[in-house]
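Engineer: Below is the structure I would like to discuss, written out as structure tokens.
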There are 2 protein chains.
Amino acid sequence: MAEDRNNSVGIVQTKTVRVVEAESPLKLVSGKTLGPIDVAYESYGKLNPAGDNVILICHALSGSAHAAGFNSPDDKKPGWWDIMIGPGKAIDTNKYFVICSNFLGSCSGTTGPSSINPQTGKPYHLDFPMITIVDMVRVQKLLLDKLGIKQLLCVIGGSMGGMQVLKWTIEFPQIVKSAIVIAATSKLGAQAIAFDAVGRNAIMSDMDADKPSKKGLATARMIGHITYLSEESMREKFGRELRSAEKYSYDLNSEFAVETYLDYQGQIFVDRFDADSYLYITKAMDYFDLEKDFGSLQNAFAKTKSRFMLVSFTSDWLFTPAQSEEMVNALVADRKPVSYCNIASPYGHDAFLLEPKTLGSLISGFISTTFEKPKFAKPATASAIKGVEKIKRVRVDYELIESLIEPNSRVLDAGCGDGQLLLNLQYDKNIIAEGIEVDQQLVLQCVHSGLNIIHRDIERGLGHYPADTFDYAILSQTLQTLKNPKQVFAELLKVAKRVIVSFPNFAYWRCRADLLAGRAPRTKQLPFGWYDTPNIHFLSLKDFEDFCQELGAKIEAKIPLIGNRVSPVKFAPNLFAEQAVYMTSRK
Amino acid sequence: MAEDRNNSVGIVQTKTVRVVEAESPLKLVSGKTLGPIDVAYESYGKLNPAGDNVILICHALSGSAHAAGFNSPDDKKPGWWDIMIGPGKAIDTNKYFVICSNFLGSCSGTTGPSSINPQTGKPYHLDFPMITIVDMVRVQKLLLDKLGIKQLLCVIGGSMGGMQVLKWTIEFPQIVKSAIVIAATSKLGAQAIAFDAVGRNAIMSDMDADKPSKKGLATARMIGHITYLSEESMREKFGRELRSAEKYSYDLNSEFAVETYLDYQGQIFVDRFDADSYLYITKAMDYFDLEKDFGSLQNAFAKTKSRFMLVSFTSDWLFTPAQSEEMVNALVADRKPVSYCNIASPYGHDAFLLEPKTLGSLISGFISTTFEKPKFAKPATASAIKGVEKIKRVRVDYELIESLIEPNSRVLDAGCGDGQLLLNLQYDKNIIAEGIEVDQQLVLQCVHSGLNIIHRDIERGLGHYPADTFDYAILSQTLQTLKNPKQVFAELLKVAKRVIVSFPNFAYWRCRADLLAGRAPRTKQLPFGWYDTPNIHFLSLKDFEDFCQELGAKIEAKIPLIGNRVSPVKFAPNLFAEQAVYMTSRK
């Protein structure tokens, strides 16, 4: 662990502060009251004079206030998110003042079922009132009040921590400048509730009147662990390995490595966690339902004022990418600034504790571009703009597209690559920009440029956004690469008032010449072989115009282009244009 | 249930027969011995005089011998697979003699841990010896010997029943004419073992010295139920519905519908099942590992003599489609006759009990084409052959392709559609046919034609088959629709000695004429618009020849074609051919 200590926050103490007195108890969502309430917390870094560098960390089910550093020099393990928090790390304690508190109902210093009930002098046990995620967030707010914190640069949390983040943006919109919601959901689905319910069932089956369950808690934790990992990561980590033998023992003892791992996880958990807390916390998770609370996700987010970044993991089957996407869609429909990345990871739900590189890059890029306005250098000329590496796009159409867009518009760039066009438009036209991009590396690049960027394949559909969510949608050099160009174009025509499309002209004379020579065409705009081209649909200017006719799209502008010459082709464009830019709208 | 009784096998009795006497106990795989052994079984339909119409059903974890019909006139529920077994049903008791027995170690009539241990006069409980899937199958064989059954037309089973089927084909290859393996696996992965282990842990935590667990068994069953359903089906069935209230109760009682469903499933299970049996059976499943037993799956299947059909379900995350595909690949590599269908179903692992239509059609088609040689009517002329509806393929190249193939060859048709070409080849050239097709309906059609058909997207890879598994691979009118034609063609060149390719010629003069008119081409061979064509790569004869050069493929035959004229184009084929057929091989 020596290397950890080099960029560690060092030795930290968990402090405890009373935020609710017994005489004036807190009214909970359930209607019951609770007091006194103590909160355990840790902090790292320094509050700056402006008081605008505070980052609040919300922990997950079994976490604690001890997020980073070591509680004593002999500690073998650092805090639960030490990979993210520290000097020079993603959540940089040289720049930011970081606070993490143990939430209400837990068992690591903050009041919960294992705390002493002042009315009986004994632990609450099952007399503890039911709590909700909102109750937890309100108690966190009381802590910040005590600490004199008036604004939050960012609230961050993974899993159930992400649920708290969501509630922060909704309960205290004025305070939360930005929010990072990782591997979370706006509501548990039936399967996740089912796993929680079986865990609670195991605990309740093993409970004496006065003694919290041990065996049941171990079973519950074992179930939990399976859901935190992915099938793939379990296969990689354990496979069918036997713990210590080559041959089966033909008895009922645990002999597969995965069995002994789960046995161990169950055992160490009962030593550090309280079975009653497990019951209350899982119930709070099951109760969490933004749609139920507000009628719809769009309503839930309507009054938020934060910049959002949501992150999911491809292999997370507990709180799935689809659940994050639902929230992203609601935020876009609400016209809120939102970024989203679905990180390719084999580690399942636990990836939020195990993907320091990609997740760290997203977090640091998002927070720093929220904290400081990103620097922007506008390229000198259109010809100097470099396309992205992976699919070489021709970006000579950028200036033309810019010329079509009114200042202060809301613009969606569908397939925005590194986001250069949106950055140009932000700089020149002060637009509100939203990008969509399928490549994870480019999404990271956009986040570091301070863009709102959604990680998505546009072919998976945009149809759920309300009509006219955007003033403009741009589809630059992408139409011909789509599997279903008709669906994408029709959806863009719905979600934006105007759709700007650019594509290579397949009827360009050089293409025709190649075909006359008996080969599939290769030109500067179409440089690929027939078998490896990303351009899987070939169309000409005339084809596109027929297409608009069929879809009921009105052509508002048409600009055929040759090479880097920005001046439109005037003579026989279907023959001489290498590419074309069209602006269209619904009729 | 009245409608069930109309095509029901009616009232049936579970019989019990002693297959092993106490004096000559059975030696088990573990090395221990067991005796006496009684087996409970049911049978439906009649054994025909030839004795060649016997179907053996193998049941899953919690099943019994009672697969169909009713045990008494008052029975509310029929046997566990009554949707499949009965007069006129998929497993037609008018034609076949159907047997189902309770397996060794279970608790519904066959000897298991709840049976009386003759040495103590008390139930075996944990003194019962460990059993394996092979032990179960050997006991089933003893039952068939008692009944005088000498051959099996088909052995069928889902889930753990499928494991028994696999062992039947390996242990008794001479007897098993065909095998249907549904939602099964050749070995459990780490995640599935983990779920079993947690269930066993819950049971063992709740066990008295002499009394099998009740609460623990309920917990184990609840976990099991989650794994049998899919996330999607749980969402559809339960969502976040509350059992009886509109509002949360804010207590620890079960209140979500999914919770009360699981509570109920747990409760009814403990009334009908034995916790000890649950321990032994899940352990037998965990031990099952054909690769470990034989070194590789290919070795495991090497000596089988059965026709195989494997079936998986898209949403099954317990025993996944990928696990079925592994077995299919091994069987193909072994040059065994195998069909496979991955049924699109939202019902998860339990789909084998819930998809009577598609699964029933597969089962009836497979068994009847095994039982009776399928009728084959060869179409009169090439022009009369109708292409499949979904993607209209031009099949005028069939006769030409036939002319290139030597009799008695092993032929793979990659993208075989309804299998007409393979059927022609079977009829005319006596080939050993294997088809691959991505469309489920067409796969069903092929099964009913008695073809060996694998349900798969060829772009997902064929590279794992050994080199030269086939004498010929055919890629008819498919190359231009592939995302990655290079990979597919290269893989086919490896797995087959010769690859026959046909495709539309994009340099055909009508295409050129269209392009000169400034539009993407539409011809009889290329009848689609630019935006909805399945032809996403355009190539000419010259392009294909360059491509062969690049991939190191030798062109052994080249036949350009116009319309229905089977005589090859002689003059300027790259210009005048509408399509072409090539035969190629590795250099």
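The values are calculated or read from the model by the stated rules, or taken from the named source; none is laboratory data. Please read all numbers here as calculations on a predicted model, not as lab measurements. Glycine also receives a Cβ, built like all others from the backbone with ideal geometry; neighbour counts cover every protein chain displayed. These area figures cover heavy atoms from the full protein model, side chains too; ligands, DNA and RNA do not enter into them. Shrake-Rupley method; radii C 1.70, N 1.55, O 1.52, S 1.80 Å.
Engineer: For segment A:122-134, state whether one or more residues are within 21 Å of the chain's Cα centre (by Cα) and away from every other protein chain (no Cβ under 14 Å).
Structural biologist: no
Engineer: Any idea which residue in segment B:163-197 is surrounded by the fewest Cβ atoms within 10 Å (Cβ to Cβ), counting only those that are within 9 Å of chain A (Cβ to nearest Cβ) and charged (D, E, K, R)?
Structural biologist: B:Lys187
Engineer: Additional query: I'd like the residue in segment B:526-548 that is polar (S, T, N, Q) and more than 7 Å from chain A (Cβ to nearest Cβ) and, out of all such residues, is nearest to B:Glu578 (Cα to Cα).
Structural biologist: B:Asn535
Engineer: Checking the condition farther than 26 Å from B:Val338 by Cβ and among the hydrophobic types (A, V, I, L, M, F, W, C), which residue from B:Ala194, B:Ala179, B:Ala184 passes?
Structural biologist: Residue meeting the stated conditions: B:Ala194.
Residue-wise test of (1) in contact with a Cys (Cβ under 7 Å, 6 or more places away or on another chain); (2) crowded, with 22+ Cβ neighbours inside 10 Å; (3) free of Cβ contacts under 8 Å to residues at least 60 places away in the same chain; (4) of a type outside the set (Ser, Thr, Tyr).
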site	(1), (2), (3), (4)
A:Asn430	no, no, yes, yes
A:Leu442	no, no, yes, yes
A:Asp471	no, no, no, yes
A:Leu479	no, yes, no, yes
A:Glu491	no, no, yes, yes
A:Tyr508	no, yes, no, no
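Engineer: Ok, one more. If B:Thr523 meets every condition in (1) open to solvent by 40 Å² or more (accessible area, probe 1.4 Å); (2) more than 11 Å from chain A (Cβ to nearest Cβ); (3) at pLDDT below 80; (4) touching a helix residue (DSSP H, G or I) at 6+ places or on another chain (Cβ under 6 Å) apart from one, which number is that one?
Structural biologist: Exception for B:Thr523: condition (1).
Engineer: Do any strands (runs of 3 or more DSSP E) entirely within segment A:416-478 hold 1 or more residues that are out of contact with any Ser or Thr (no Cβ under 6 Å at 6 or more places or on another chain) and basic (Lys, Arg), and if so, which?
Structural biologist: Result: empty, no element qualifies.
Engineer: Any chance segment A:206-226 includes a residue that's hydroxyl-bearing (Ser, Thr, Tyr) and not assigned by TED's automatic domain parsing to the domain that holds A:Ser312?
Structural biologist: The answer is yes, given that some residue of segment A:206-226 is hydroxyl-bearing (Ser, Thr, Tyr) and not assigned by TED's automatic domain parsing to the domain that holds A:Ser312.
Engineer: Sort out which residues of segment B:218-232 are facing chain A (nearest Cβ under 9 Å), in a helix (DSSP H, G or I) and buried (at least 22 other Cβ atoms within 10 Å of the Cβ), and write them in order of number.
Structural biologist: Selection gives B:Ala218, B:Thr219, B:Met222, B:Ile223, B:Ile226.
Engineer: I need the full set of residues from segment A:369-403 which are open to solvent by less than 30 Å² (accessible area, probe 1.4 Å) and at pLDDT 90 or above, in order please.
Structural biologist: A:Thr369, A:Thr370, A:Ile401, A:Glu402
Engineer: While we're on this one: Would you pick out the residues in segment B:233-262 that are of a type in the set (Asp, Glu), touching a residue at least 40 places away in the same chain (Cβ under 8 Å) and either surrounded by 18 or more Cβ atoms within 10 Å (Cβ to Cβ) or more than 9 Å from chain A (Cβ to nearest Cβ) (or both)?
Structural biologist: None; the set is empty.
Engineer: Shifting gears a bit: Just to verify a result, which residue in segment A:294-327, among those that are within 11 Å of the chain's Cα centre (by Cα) and surrounded by 24 or more Cβ atoms within 10 Å (Cβ to Cβ), is farthest from A:Leu354 (Cα to Cα)?
Structural biologist: That would be A:Met327.
Engineer: Do you know which of the residues in segment B:271-293 that are more than 22 Å from B:Ala183 (Cα to Cα) and open to solvent by 10 Å² or more (accessible area, probe 1.4 Å) is nearest to the other protein chains (Cβ to nearest Cβ)?
Structural biologist: Among them, the one singled out is B:Asp274.
Engineer: Then there's this: Are any residues in segment A:450-464 surrounded by 20 or more Cβ atoms within 10 Å (Cβ to Cβ) and over 17 Å from the mean Cα position of the chain (by Cα), and if so, which ones?
Structural biologist: Across segment A:450-464, the qualifying residues are A:Ile458, A:Leu462.
Engineer: Shifting gears a bit: Among all residue pairs at least 6 apart or on different chains, which show Cβ distances below 7 Å where the first residue, located in segment A:301-328, is in the same structural domain as A:Ile454 (by TED's automatic domain parsing) and the second is surrounded by 22 or more Cβ atoms within 10 Å (Cβ to Cβ)?
Structural biologist: From residues that are in the same structural domain as A:Ile454 (by TED's automatic domain parsing), there are no pairs.
Engineer: Mind listing whichever residues of segment B:43-60 are surrounded by 16 or more Cβ atoms within 10 Å (Cβ to Cβ) and either in contact with a Lys or Arg (Cβ under 7 Å, 6 or more places away or on another chain) or among the hydrophobic types (A, V, I, L, M, F, W, C) (or both)?
Structural biologist: B:Leu47, B:Asn53, B:Val54, B:Ile55, B:Leu56, B:Ile57, B:Cys58, B:Ala60
Engineer: Look through segment B:203-217, keep the residues that are part of a helix (DSSP H, G or I) and open to solvent by less than 10 Å² (accessible area, probe 1.4 Å), and return whichever of them is nearest to the other protein chains (Cβ to nearest Cβ).
Structural biologist: Out of the qualifying residues, it is B:Gly216.
Engineer: Look at segment A:38-70 and say how many of its residues are in contact with a strand residue (DSSP E or B) (Cβ under 7 Å, 6 or more places away or on another chain) and either farther than 14 Å from A:Tyr96 by Cβ or outside any loop (DSSP other than H, G, I, E, B) (or both).
Structural biologist: 18
Engineer: Does any residue in segment A:68-83 that is surrounded by fewer than 22 Cβ atoms within 10 Å (Cβ to Cβ) come within less than 7 Å, Cβ to Cβ, of a residue that is hydroxyl-bearing (Ser, Thr, Tyr) and assigned to a strand (DSSP E or B) six or more places away or on a different chain, and which pairs are these?
Structural biologist: Close Cβ pairs (under 7 Å, with a partner that is hydroxyl-bearing (Ser, Thr, Tyr) and assigned to a strand (DSSP E or B)) do not exist here.
Engineer: If you don't mind, there's one more thing I want to ask. Any idea how many residues of segment A:139-188 are hydrophobic (A, V, I, L, M, F, W, C) and without any contact (Cβ under 8 Å) to a residue 40 or more places away in the chain?
Structural biologist: 2
Engineer: State yes or no: is B:Leu28 touching a helix residue (DSSP H, G or I) at 6+ places or on another chain (Cβ under 7 Å), surrounded by fewer than 20 Cβ atoms within 10 Å (Cβ to Cβ) and aliphatic (A, V, I, L, M)?
Structural biologist: yes
Engineer: Would you point out the residue of segment A:31-42, among those that are of a type outside the set (D, E, K, R) and either surrounded by fewer than 16 Cβ atoms within 10 Å (Cβ to Cβ) or not assigned by TED's automatic domain parsing to the domain that holds A:Tyr96 (or both), that is nearest to A:Val12 (Cα to Cα)?
Structural biologist: If we take residues in segment A:31-42 being of a type outside the set (D, E, K, R) and either surrounded by fewer than 16 Cβ atoms within 10 Å (Cβ to Cβ) or not assigned by TED's automatic domain parsing to the domain that holds A:Tyr96 (or both), then A:Thr33 is nearest to A:Val12 (Cα to Cα).
Engineer: Let me ask something else about it. Tell me whether segment A:101-109 contains one or more residues that are touching a residue at least 40 places away in the same chain (Cβ under 8 Å), more than 29 Å from the chain's Cα centre (by Cα) and either open to solvent by 50 Å² or more (accessible area, probe 1.4 Å) or over 25 Å from A:Leu354 (Cα atoms) (or both).
Structural biologist: Yes, because at least one residue in segment A:101-109 is touching a residue at least 40 places away in the same chain (Cβ under 8 Å), more than 29 Å from the chain's Cα centre (by Cα) and either open to solvent by 50 Å² or more (accessible area, probe 1.4 Å) or over 25 Å from A:Leu354 (Cα atoms) (or both).
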